[in-house]
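Engineer: Below is a structure I'd like to ask you about.
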Amino acid sequence: MLKAAHPERPDALTWAFLGLGVLLLPVGFYLALSAPPDVNQGYLARIMYLHVPGAWLGYLAFFVTFLYSLLYLFRQDPRYDRVAMASAEIGLVFMGLALVTGMLWARPTWGVYWTWEPRLTTTAILFAVYVGYFLLRGAIEDPELRAKAAAAVGVLGFINVPISYMSVKWWRSLHQTQSIDLTTGKIHMDPAMLQALLFNLLVFTLLYLGFVRFRALVAALEARKEEA
Amino acid sequence: MRAETRGRPGKGGLGVGRVWLLALRDLRLEVRDRAGVLSALTFLAVMLFVMALALGPEEGALRRAAPGVLWVALAFLATLLSTRAFALEVEDATLDDLLLTPGGKEWVYFGKLLFQMLLLLPLSALALFLAAGLFYLPLEKALTLFLTLALGGLGYASVATFYAGLLARLRGREVLLPLLLFSLVVPVVLAGVRATVGLLEGFPVAEVASWWQLLLVFDLVYLTAGALLFPLVMEG
């Protein structure tokens, strides 16, 4: 995801990702709306075509941030930092989308907007960590220190994911008898639904790749402007 | 730099002596200054008092809230202490001297961590007694409760030390530190609260022990990550 020395405008690959993503987005939307309604949840299940890709890409984006933060810490190349930042920013958008759609789905299904289920809690913690990531970036003016500090948060924040998941799972298991399994009704999926979901996932991935490359370029231009 | 070799009586490459030297020096400064320790102590007492006022006066409600309040108080206290650990260093512009000492930077991390633990342990014991008074916490299990607080405190302080070092030179660190810290240490607080609740409600030892194990694992993970990342971000 790294680019040549001094690019001025997005390269062909970035345009290809973005163009394909934007072109296929209406197709994914059509597939989602024409997929058969769920036996139990009816039309409500369609929120999943937005929710699942959002959540998956949120996690993927933060994982990419983790990788590039590690790379930055060992190589000290500002390009790695820019990709890490770009990915975290896009990840925050996707994760926010997943959280909001999840809540909208949970209210009619479970009767509440929020429940302290391990996956939900872990996601919320992760979201808070990356909000902190950007507050930290905003607070530091020296670019090198900013990159280092952000990289440390990017690494620690992602290491924290399995730890949070484990602790919340155990925390819940002690006193709460009622437990909601998010995967119910989603494992046995109609081929048409699965198709639509996978297609939307592909579209979102294309958009993610395009956005990250684009954002990293913008960050590179900003950095050059700052130096000049 | 010569004085530093005194504190390193050939205990291998790790420089355990240096770590102790740094921690004890900080502790001495802190005790001489008094203001720092006293304000931490007062903060703890006032906070527990206000929480008791807010949640009381029924004995049952207070008793049920005690573990949560204790851990929140501990979390705030550890944040306060971790800022203190680097505040003097920055004020006197000696942080760079410490970091420039030959032979790695990990020892600065461990020294600051040890300093915090040396203050945090007596203070958390004190918090237990205060909570016993204000929240009707039974003191029969004080020893196991203290062990839980120590385990959780270590996990908390190992992240707090890392972040405090990272933010030491920044303006607005007082706001940023809790913001970054609290979301990261949720697991420690959760496990700590559960272990405390288990002890107070008389759960079987095996169940509480599993929480201790979890806390121990968290401690090790955070300690390792903190010690590995600290030299990387403190360079220069």
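The values are calculated or read from the model by the stated rules, or taken from the named source; none is laboratory data. Computed from a prediction, not measured in an experiment: that's the story for all the values here. Here the Cβ is made from the backbone with ideal geometry for all residues, glycine too, and neighbour counts use every protein chain on show. Areas reflect the complete protein model, heavy atoms only, side chains present, ligands, DNA and RNA absent. Shrake-Rupley method; radii C 1.70, N 1.55, O 1.52, S 1.80 Å.
Engineer: Roll a 1.4 Å probe over the protein heavy atoms and report the accessible area of B:Phe43 in Å², nearest 10.
Structural biologist: Per-residue accessible area (B:Phe43): approximately 80 Å².
Engineer: How large, in percent, is the carbon and sulfur part of the accessible surface of chain A at a probe radius of 1.4 Å? Mind dumping the intermediate values first?
Structural biologist: Values: 7790 of 11460 Å².
Here it works out to 68 percent.
Engineer: Considering only Cα-Cα distances, which of the following residue pairs are longer than 30 Å: A:Lys148/B:Lys112; A:Lys169/B:Lys112; A:Lys225/B:Lys112?
Structural biologist: Numbers: A:Lys148/B:Lys112 20 Å; A:Lys169/B:Lys112 33 Å; A:Lys225/B:Lys112 39 Å.
Checking Cα-Cα distances, A:Lys169/B:Lys112; A:Lys225/B:Lys112 exceed 30 Å.
Engineer: Next up: To the nearest 20 debye, what charge dipole does region B:17-233 have about its Cα centre, counting +1 at the Cβ of each Lys and Arg and -1 at the Cβ of each Asp and Glu?
Structural biologist: The calculation lands at about 140 debye.
Engineer: Under a crude label model (7 Å from the Cα following the beta-carbon direction), how far is B:Ala35 from A:Leu20 in nanometres?
Structural biologist: It is 6.2 nm.
Engineer: Something else about it: Given a 1.4 Å probe and every protein chain left where it sits, what share in percent of the accessible area of chain B is carbon and sulfur? List each step's numbers first, then the result.
Structural biologist: Numbers: 7290 of 10540 Å².
It is 69 percent, rounded to a whole number.
Engineer: List the residues of region B:177-198 for which accessible area in the full set of protein chains is at least 10 Å² lower than for the chain on its own; 1.4 Å probe, protein heavy atoms only.
Structural biologist: B:Leu179, B:Leu180, B:Ser183, B:Leu184, B:Val186, B:Pro187, B:Leu190, B:Arg194
Engineer: Next up: Residues of region A:101-141 losing 50 Å² or more of accessible surface, assembly versus chain alone, probe 1.4 Å, please list them.
Structural biologist: Going by heavy-atom accessible area, the residues of region A:101-141 that drop by at least 50 Å² are A:Leu136.
Engineer: Right, next: Which Rg and Dmax, in Å, describe the Cα atoms of region B:128-212?
Structural biologist: Rg, Dmax (Cα atoms, Å): 15.5, 48.
Engineer: Using only protein heavy atoms and a 1.4 Å probe, how much accessible area in total is buried between B and A, to the nearest 100 Å²?
Structural biologist: Accessible area lost upon association: around 2800 Å².
Engineer: For helix A:143-175, report the angle its Cα long axis makes with the longest principal axis of the Cα atoms of chain A; keep it between 0 and 90° and round to the nearest 10°.
Structural biologist: For A:143-175 against chain A, the angle is about 20 degrees.
Engineer: Something else: With everything on Cα atoms, drop me the angle between helix B:59-91 and the longest principal axis of chain B, reported from 0 to 90° to the nearest 10.
Structural biologist: Once rounded, one gets 10 degrees.
Engineer: Still on this model: What's the longest piece of chain A with no exposed GluC sites (Glu not before Pro), counting a site as exposed if DSSP puts it in a loop and it has at most 13 other beta carbons within 10 Å?
Structural biologist: Here the longest segment lacking exposed loop sites spans A:9-140.
Engineer: Ranked by accessible surface with a 1.4 Å probe, highest first, in what order do B:Lys105, B:Lys112 come?
Structural biologist: Final ranking, largest accessible area leading: B:Lys105, B:Lys112.
Engineer: For region B:69-148, report the translational diffusion coefficient in µm²/s to the nearest whole number, using Stokes-Einstein at 20 °C, 1.002 mPa s, and a Kirkwood Rh over Cα pairs.
Structural biologist: Using the Kirkwood radius from Cα pairs, D works out to 148 µm²/s.
Engineer: Assign one of three labels to region B:17-233, namely rounded, prolate or oblate, based on the Cα gyration tensor with a ≥ b ≥ c the square roots of its eigenvalues; rounded applies when a/c is under 1.5, prolate when it is not and a/b is larger than b/c, and oblate otherwise.
Structural biologist: It is prolate, given that a/c is not under 1.5 and a/b is the larger ratio.
Engineer: Using a/c under 1.5 as the rounded threshold, could you call region B:9-70 rounded, prolate or oblate? The axes a ≥ b ≥ c are square roots of the C-alpha gyration tensor eigenvalues, and prolate needs a/b larger than b/c, oblate otherwise. Numbers along the way, then the final one.
Structural biologist: Values: a/c = 7.62, a/b = 2.37, b/c = 3.21.
Oblate.
Engineer: Can you tally the net charge around B:Leu123? Count Lys and Arg as +1, Asp and Glu as -1, for every other residue whose Cβ sits under 13 Å from the Cβ of B:Leu123. Before the final figure, lay out the partial values.
Structural biologist: On the way: positive: B:Arg84; negative: B:Glu30.
Taking every Cβ under 13 Å from that of B:Leu123, the sum is 0.
Engineer: In addition: What percent does the relative contact order of chain A come to when contacts are Cα pairs within less than 8 Å and at least six residues apart?
Structural biologist: The normalised contact order for chain A reaches 37 percent.
Engineer: How do B:Met117, A:Met166 stack up against each other in accessible area, from largest to smallest, with a 1.4 angstrom probe?
Structural biologist: A:Met166, B:Met117
Engineer: Hey, can you find the accessible area per residue of region B:17-233 for me, probe 1.4 Å, expressed in square angstrom?
Structural biologist: It amounts to 41 Å² per residue over region B:17-233.
Engineer: A further question on this structure: How large is the direction-averaged shadow of the alpha-carbon convex hull of region A:121-168, in nm²?
Structural biologist: The orientation-averaged projected area of the Cα hull of region A:121-168 comes to 2.9 nm².
Engineer: For the protein assembly as shown, place one equal point scatterer on every Cα, skip the solvent, and apply the Debye formula. What is log10 of I(q)/I(0) at q = 0.08, 0.12 Å⁻¹?
Structural biologist: At q = 0.08, 0.12 Å⁻¹ the computed log10 ratios are -0.56, -1.12.
Engineer: So, in Å, what gap is there between the alpha-carbon centers of region A:62-128 and region B:21-92?
Structural biologist: Between the Cα centre of region A:62-128 and that of region B:21-92, the gap is 32 Å.
Engineer: Compute log10 of I(q)/I(0) for region A:1-82 with the Debye formula, placing one identical point scatterer on every Cα and leaving out solvent, at q = 0.12, 0.27 Å⁻¹, to two decimals.
Structural biologist: Result of the Debye calculation: -0.59, -1.23.
Engineer: Placing +1 at every Lys and Arg Cβ and -1 at every Asp and Glu Cβ, with all other atoms neutral, what dipole size does the protein assembly as shown have around its Cα centre, in debye to the nearest 20?
Structural biologist: The calculation lands at about 340 debye.
Engineer: Just check chain A against the gyration tensor rule for me: Cα atoms, a ≥ b ≥ c as the square roots of the eigenvalues, rounded for a/c under 1.5, and otherwise prolate or oblate depending on whether a/b exceeds b/c.
Structural biologist: oblate
Engineer: Let me ask something else about it. Of B:Glu91, B:Glu174, which has the most accessible area and how do the rest follow, probe 1.4 Å?
Structural biologist: Sorted descending by solvent-accessible area, the residues read B:Glu91, B:Glu174.
Engineer: Expressed as an acute angle from 0 to 90° and rounded to the nearest 10, what is the orientation of the C-alpha long axis of helix A:78-110 relative to the principal long axis of chain A?
Structural biologist: Here the helix axis deviates by roughly 20 degrees.
Engineer: Which value in deg cm²/dmol, rounded to the nearest 500, describes the helix-derived mean residue ellipticity at 222 nm for chain A, given -39,500 (n - 2.57) per DSSP H run of n ≥ 4 and division by the residue count? All intermediate terms of the calculation are to be shown ahead of the outcome.
Structural biologist: On the way: 6 runs with 176 residues, N = 228.
Taking each H run of at least 4 residues, the total per residue is -28000 deg cm²/dmol.
Engineer: May I ask you to derive the relative contact order of region B:106-182, considering only C-alpha pairs under 8 Å and at least 6 residues apart, and to give it as an integer percent?
Structural biologist: 33 percent
Engineer: Just read off the accessible area of B:Leu139 with the full protein assembly in place, 1.4 Å probe, to the nearest 10 Å².
Structural biologist: Looks like 70 Å² after rounding.
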